[in-house]
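**Student:** Before I ask anything, here is the structure I am working with.
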Protein chains: 2
Amino acid sequence: MVTRPPVSRTLLATTGNNREHTRRHNLSAILRLLSQSGSMPRSALTQRTGLNRSTISDLVSELVGLGLVVEAESVATQGVGRPSLMVSPADDVVAFSVHPDIDAITVGVVTFSGKVIHKIRQVTQAQPAAPTAADVANDLITKLRAQLPAGTRIAGVGVAIPGQVRSADGVVRLAPHLNWVEVPFARMLNQLSGLPVFIDNDASLGSIAERDFGAGRGFKEIVYLFGGSGGIGGGVIHDGQPLRGAAGYAGELGHIRISDSPAEDFSGLSGTLESLVSRETLLAALKLNGVDDDELREALTKDPSPKVRKVAEAQIDSLAIAIGNFVNIFNPEIILLAGYLSVLYAFDTDRLLSRFRWSSLTASQDRLILRPAELGANLLMVGAAQMPFDRVVQEPATMTFILAKPTRK
Amino acid sequence: MVTRPPVSRTLLATTGNNREHTRRHNLSAILRLLSQSGSMPRSALTQRTGLNRSTISDLVSELVGLGLVVEAESVATQGVGRPSLMVSPADDVVAFSVHPDIDAITVGVVTFSGKVIHKIRQVTQAQPAAPTAADVANDLITKLRAQLPAGTRIAGVGVAIPGQVRSADGVVRLAPHLNWVEVPFARMLNQLSGLPVFIDNDASLGSIAERDFGAGRGFKEIVYLFGGSGGIGGGVIHDGQPLRGAAGYAGELGHIRISDSPAEDFSGLSGTLESLVSRETLLAALKLNGVDDDELREALTKDPSPKVRKVAEAQIDSLAIAIGNFVNIFNPEIILLAGYLSVLYAFDTDRLLSRFRWSSLTASQDRLILRPAELGANLLMVGAAQMPFDRVVQEPATMTFILAKPTRK
DNA sequence: TGATTATGTTGCCCTACCCAACAAATGCTG
DNA sequence: CAGCATTTGTTGGGTAGGGCAACATAATCA
């Protein structure tokens, strides 16, 4: 089964609700709260959902019956009154995350509560062909699957792609970094693994991970910008939900044109944010190679020759213009800069802030927060796993899992 | 009472649903269908909502009891079987629309079914101060109110502002065109009229009107661009809902920076879409003054001297870049060009299309529709009225109306 | 140790939707 | 034109699921 990322949670406003909708909605609400918070006492569920104590009791016991959550007595008591029962997501429900990059494929195992419990990174030849990548990914999944305890249930596989993904069928339309064009990667990996495969753009998944587990917690209007060696990607959260657009390509924030400059980006567009703010250019100015973002940050603060400083400042100025545009367009509560962009942010925060203030409307800057993203290496693992888990959350009663190991009779 | 535009219809996904939610949701679903389609047979309601015949019967009779809809026997029969009863929105529920412009204030009366039944345009001095504008608007409302038949119920007043409006309290943060800064217009007009007042940006309301009654019908991902004498405004519909952002300022699409050009727009930002695509500039090149868009379109096609053509083409090229950016950002199904921008579109559609294709990612262009908006003079009247009507739709059972004329005892 | 407080549990109620059977109103066909 | 098929409105009963109130339980506090 090849499955697309879950559609918008909001039922069409013109569709009717019935009792079953209500029940499913309430079960989902509880699971959503739990998967984001790790675990909560029942009393908190009562407060957050606004439902009656007895209703929560009923709903939770249904979820316990489904094996999706576990109840335990509270350890730490927090006040007078009978202590509330602690409800936690089941830790034997997991998803695999896959991230194909330019010269390596990473596969991880993520629990329903958002913890990465295993991770393997397998180096490949540069720009592996899609079938090769699918093979490698499947091998890694098989290997990790063998290590899981019997009884572990698998929700599915989530794949983060550095490129554009059509959400309807999981086809990678274009991933310039990987040199993939029109690759039905979800179907390929599904046929190999036999697991449901979900797939989406890496930056979109990053924004979701930051919303649920990182610097975006509690915000409903988020603009997320990620700079990597493959360019600049973006993810937008609006009203708490990812902005997908008609076919899933929304959020290509790196490809917006902000200048008349003829410099071109990976996709052949000129004057774009991605063409003006480039990790490679800065590395070249620094005469560095193969460093990670931490090393780059250090190199930059240690030895900012006038020439290097000029390059970095020009990039900061371009970034500021783009951020100004996004503020005018989205009026977000918070803007998160990840990867290479957080290096630029740290290098001269004041310059970035002041330049940005010149290029957006003042009203939209009210209470705007601009800060680096929080999640590091496991960002994409967590983000990609949210796709299969989202299906669990949305249809807890009818969801079927695949066992990590076949049951014996 | 001063009221903000309705918040997102999607209940927080972590809030519980109960019976009352379900009922309200279903009543809303029916009203929403009716207010968009004018009227529908009961059988269509059954199909569209997915609810049972008997449930629809029950819901409709509750709405009839509330005086929000009317049932009548179908006139035209459309096939075998017992003819279905026609359900229509009540025509004695109305809202006032107010549109303050640079030298005139327009007030209209709009029925729940979306028809503009009265409209007055009162010329004022240029850039009237806000209290003056509120006075004039209130006078016009009083005049129109006197003409309404007794028993007419008023849902409220919707105001369309050419500027940024804070949705939390209806304060106009900045309307450069009117020279208003930090004006609590909703409160002012509420105190004068005694009616609930809703207020929002004009282009956002335009996008909503086009979605419900114009070229955007049936689409869920819409980018709307409006060019007027006061610059360029934008409205974005995502997943069927307007993009508001943190405080309501989202969608300032005219102020995005796409060029290094030093030309400035009304808000003092340089190189923005609005600074490069300007009705005034083209009028100056044509040596025209005080013409409307139709006359401008005609003048342009009739006599395109090389000089004029060059100006228009430069503007088209800039517009194409901006559209490319919006396609990359939003991946919309449809882009609607309204006002002056539809003149540019008509002038050289091919140029606009081909230039635009160079400046966005190919995947995002799949099945993209670019076309002029449909609604003309009544656009803002209809759009603004949707704000008070939205409240009716959202809480049909508890909504209270104000009678056009006080009842005698 | 008893009072207070907060939470879990249980049985009952009520509402809103579904369903099935029937009635009504139309078109089609012989 | 009568009878049949088809679709829709109507009615009465069924049911699921959330609310409620009373009671039980387990903690803090005086």
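**Student:** 5 Å is the cut-off here: which amide hydrogens, built 1.01 Å from N in the peptide plane, fall below it relative to A:Ile161, excluding neighbours closer than 5 in sequence?
**Tutor:** Long-range HN contacts for A:Ile161: A:Asp200, A:Asn201, A:Asp202.
**Student:** Which FRET efficiency, nearest 0.05, do B:Glu264 and A:Gln365 yield, Cβ-Cβ r, R0 22 Å?
**Tutor:** About 0.75, to the nearest 0.05.
**Student:** While we're here: Could you check the spin-label model distance between A:Ile102 and B:Leu85? Points 7 Å from the Cα along Cα→Cβ, value in nm.
**Tutor:** With each label point 7 Å from Cα toward Cβ, the separation is 6.8 nm.
**Student:** Sorted from shortest, what are the nm distances separating the label point of A:Thr362 from equivalent points in the other copies, each placed 7 Å from Cα along Cα to C-beta?
**Tutor:** Between copies, matching label points for A:Thr362 lie 4.7 nm apart.
**Student:** Please give me the summed charge of the neighbours of A:Pro131: other residues whose Cβ is under 14 Å from its Cβ, Lys and Arg +1, Asp and Glu -1.
**Tutor:** Counting the neighbours of A:Pro131, the net charge comes to -2.
**Student:** Another one. Just how large is the dipole of the range A:215-372 about the Cα centre, in debye to the nearest 20, putting +1 at every Lys and Arg Cβ and -1 at every Asp and Glu Cβ?
**Tutor:** 260 debye
**Student:** Another question, if that's okay. Tally the DSSP beta bridges in chain B and give the antiparallel ones as a percent, rounded to 5.
**Tutor:** Around 65 percent of the beta bridges assigned by DSSP in chain B are antiparallel ones.
**Student:** Next up: Could you give me D for the range B:362-409, from Stokes-Einstein at 37 °C and 0.692 mPa s, where the hydrodynamic radius is the Kirkwood radius over C-alpha pairs? Units µm² s⁻¹, please.
**Tutor:** 219 µm²/s
**Student:** Taking the Cα centroid of the range A:67-128 and of the range B:133-152, what is the distance between the two, rounded to the nearest whole Å?
**Tutor:** For the range A:67-128 versus the range B:133-152, the Cα centre distance is 61 Å.
**Student:** Amide H neighbours of B:Ile102 under 5 Å, at least 5 residues apart or on other chains, H built in the peptide plane: list them.
**Tutor:** Those qualifying (amide H under 5 Å, at least 5 residues apart or on another chain) number zero.
**Student:** Please compute, for the alpha-carbon atoms of the range A:215-372, the extent along each of the three principal axes and give them in descending order in Å.
**Tutor:** The principal-axis extents, from largest down, are 43, 33, 28 Å.
**Student:** Also, quick follow-up: Put a point 7 Å out from Cα along the line to Cβ at B:Gln127; what are the distances to that point in the other copies, in nm, shortest first?
**Tutor:** In nanometres, ordered from closest: 5.7.
**Student:** Running Debye on the range B:46-85 with equal point scatterers at the Cα sites and no solvent, what base-10 log of I(q)/I(0) appears at q = 0.33, 0.35 Å⁻¹?
**Tutor:** One equal scatterer on each Cα of the range B:46-85 leads to -1.07, -1.08.
**Student:** Whole-Hz ³J(HN,Hα) for each residue in the range B:375-383, computed from phi via Karplus 6.51 cos²θ - 1.76 cosθ + 1.60 with θ = phi - 60°, x for glycine and proline: what do you get?
**Tutor:** So the J values, rounded to whole Hz, are 6, x, 5, 8, 3, 6, 4, 5, x.
**Student:** With r as the distance between the Cβ atoms of B:Leu353 and B:Gln147 and R0 = 41 Å, compute the FRET efficiency 1/(1 + (r/R0)^6) and round to 0.05.
**Tutor:** Computed FRET efficiency for B:Gln147 and B:Leu353: 0.30.
**Student:** If each residue's Cβ is checked for other Cβ atoms within 10 Å, how do B:Glu280, A:Glu252, B:Glu395 rank with the fewest at the top?
**Tutor:** B:Glu280, B:Glu395, A:Glu252
**Student:** If we count other beta carbons within 10 Å of each Cβ, what is the order of A:Leu140, B:Leu205, fewest first?
**Tutor:** Arranged by neighbour count, lowest to highest, A:Leu140, B:Leu205 become A:Leu140, B:Leu205.
**Student:** When the gyration tensor of chain A is built from Cα positions, what are the square roots of 5 times its three eigenvalues, in whole Å, from largest to smallest?
**Tutor:** 38, 26, 20
**Student:** Another question, then. Considering just Cα atoms, how many Å³ per residue does the convex hull of the protein assembly as shown enclose?
**Tutor:** About 202 Å³ per residue, rounded to a whole number.
**Student:** Would you pull out the residues with amide H under 5 Å of A:Leu375's amide H, same chain only if 5 or more places away, H placed 1.01 Å from N?
**Tutor:** Answer set, sorted by chain and number: A:Ala215.
**Student:** Further question on the same structure: Would you list B:Leu344, B:Leu144 from fewest to most Cβ contacts within 10 Å?
**Tutor:** Sorted ascending by nearby Cβ count, the order is B:Leu144, B:Leu344.
**Student:** Another question, if that's okay. Could you estimate the translational diffusion coefficient of the range A:196-246 from the Stokes-Einstein equation, with Rh from the Kirkwood formula over C-alpha pairs, at 10 °C and 1.306 mPa s, in whole µm²/s?
**Tutor:** It diffuses with D of about 141 µm²/s by this estimate.
**Student:** Counting C-alpha atoms alone, how compact is the range B:15-82: give Rg to one decimal and Dmax as a whole number, in angstrom.
**Tutor:** Rg and Dmax of the range B:15-82, Cα atoms, are 12.8, 45 Å.
**Student:** What is the local net charge at B:Pro162, summed over the other residues whose Cβ is closer than 10 Å to its Cβ (Lys, Arg +1; Asp, Glu -1)?
**Tutor:** Net of charged neighbours comes to -2.
**Student:** In sequence order, what are the phi-derived ³J(HN,Hα) couplings for the range B:143-152 according to the Karplus relation 6.51 cos²θ - 1.76 cosθ + 1.60 with θ = phi - 60°, rounded to whole Hz, with x for glycine and proline?
**Tutor:** For the range B:143-152, the Karplus-derived couplings read 4, 5, 4, 5, 7, 6, x, 4, x, 5 Hz, x marking Gly and Pro.
**Student:** In the range B:215-372, what % of DSSP beta bridges are antiparallel (nearest 5)?
**Tutor:** Here the antiparallel bridges make up roughly 50 percent for the range B:215-372.
**Student:** Same structure, new question: Between copies, how close do the A:Val116 label points come, placed 7 Å along Cα→Cβ, listed in nm from shortest?
**Tutor:** 5.7
**Student:** Explain nothing, just compute: Karplus ³J(HN,Hα) = 6.51 cos²θ - 1.76 cosθ + 1.60, θ = phi - 60°, for every residue of the range B:222-229 in order, whole Hz, x for Gly and Pro.
**Tutor:** 10, 10, 10, 10, 10, x, x, 5
**Student:** Oh, and also: Per DSSP H run of at least 4 residues, take -39500 (n - 2.57); add these up for chain B, divide by its residues and hand me the 222 nm value, nearest 500 deg cm²/dmol.
**Tutor:** Calculated at 222 nm, the ellipticity per residue is -12000 deg cm²/dmol.
**Student:** Across peptide A:356-362, how many C-beta atoms of other chains are within 10 Å of each residue C-beta, on average?
**Tutor:** 5
**Student:** Taking the Cα atoms only, what angle lies between the long axis of helix A:306-330 and the longest principal axis of chain A, rounded to 10 degrees?
**Tutor:** 50 degrees
**Student:** While we're on this one: Running Debye on the range B:279-406 with equal point scatterers at the Cα sites and no solvent, what base-10 log of I(q)/I(0) appears at q = 0.09, 0.21 Å⁻¹?
**Tutor:** -0.40, -1.19
**Student:** Any chance you could check the Cα centroid distance between the range B:310-331 and the range B:213-269 for me, in angstrom?
**Tutor:** 13 Å
**Student:** Evaluate Rg over Rh across the range B:8-124, taking Cα atoms for both radii and Kirkwood's formula for Rh.
**Tutor:** Computed over Cα atoms, the ratio is 1.10.
**Student:** With +1 assigned to the C-beta of every Lys and Arg and -1 to the C-beta of every Asp and Glu, and no other charges, what is the dipole magnitude of the protein assembly as shown about the Cα centre in debye, to the nearest 20?
**Tutor:** 2160 debye
Values in this text are rule-based calculations from the coordinates and carry no lab data. All values derive from a computational prediction rather than experimental measurement. No Cβ is skipped: glycine too gets one built from the backbone with ideal geometry, and neighbour counts run over all protein chains shown.
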